[in-house]
Amino acid sequence: MVDAVGGLGGWVRWVVPAEGWPGQALGWAGAHGWLLAAVAAFAAAGCAAFEAWRRRRAQEALAGRFAVELVPAQSFDPTSAEVEWFTRQVASVRAAAGPIPQRAAGTRVRLVCVDGQMRYQLEGPARAASVLRMPGYQGVEVVTADARTHRPPRIRFKGAPPVSGRRRSGGGR
């Protein structure tokens, strides 16, 4: 144990010289301030570019959502095993979507009332459309949801200004 501590002390002395190292570091920083400013500016520009790229990917994924509607038969009565299997199927949509931003990878279960009829819809990333199309229950037909019913109403929060963003033609929200 003593040898390990002694070895660590020698390593620390090699990395950080004992005499005047804070002054030397400050002196170097003062002499090369332009270099430190350039590195900081380059890092900030890189972070801003990465954030813009990540937001653009999320917007593209959100614009291309896919929705299906589950239409049950008159005799629909699921067993607990079917409910568990369907739950695992809905949970696997995120993995099936692949590497997309977390914000755009969520699965929505939406109950919509159209003309007095209750409709059960699943919405998720377009890249996971094959998983969304899979029938989860016996006696339930899976059909592509009508475009006019799968677009949700805009939600406004009190005290929060709306997010300004570039609107795209042809499918943007």
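Points worth noting:
- Spacing of the two label points (7 Å from each Cα toward its C-beta) at Ser80 and Thr144, in nm: 3.9
- Of Asp77, Asp115, the sequence from fewest to most neighbouring Cβ atoms within 10 angstrom is Asp115, Asp77.
- Relative to one another, the C-alpha centroids of region 98-131 and region 23-40 are positioned 53 Å apart.
- Dividing the C-alpha radius of gyration of region 99-139 by 2.2 N^0.38 Å, with N its residue count, gives 1.40.
- Stokes-Einstein diffusion of region 65-150 at 10 °C, 1.306 mPa s viscosity, Kirkwood radius from Cα pairs, rounded to a whole number: 119 µm²/s.
- Size estimate for region 22-63 follows the Kirkwood approach: the inverse of mean 1/r over distinct Cα pairs works out to 12.6 Å.
Since every read-out is calculated from the coordinates, none of them should be taken as a lab result. Predicted model, so just to flag it, every value in this text is computed and none were measured. Using ideal geometry, Cβ is built from the backbone for each residue, glycine included, and neighbour counts are taken over all protein chains shown.
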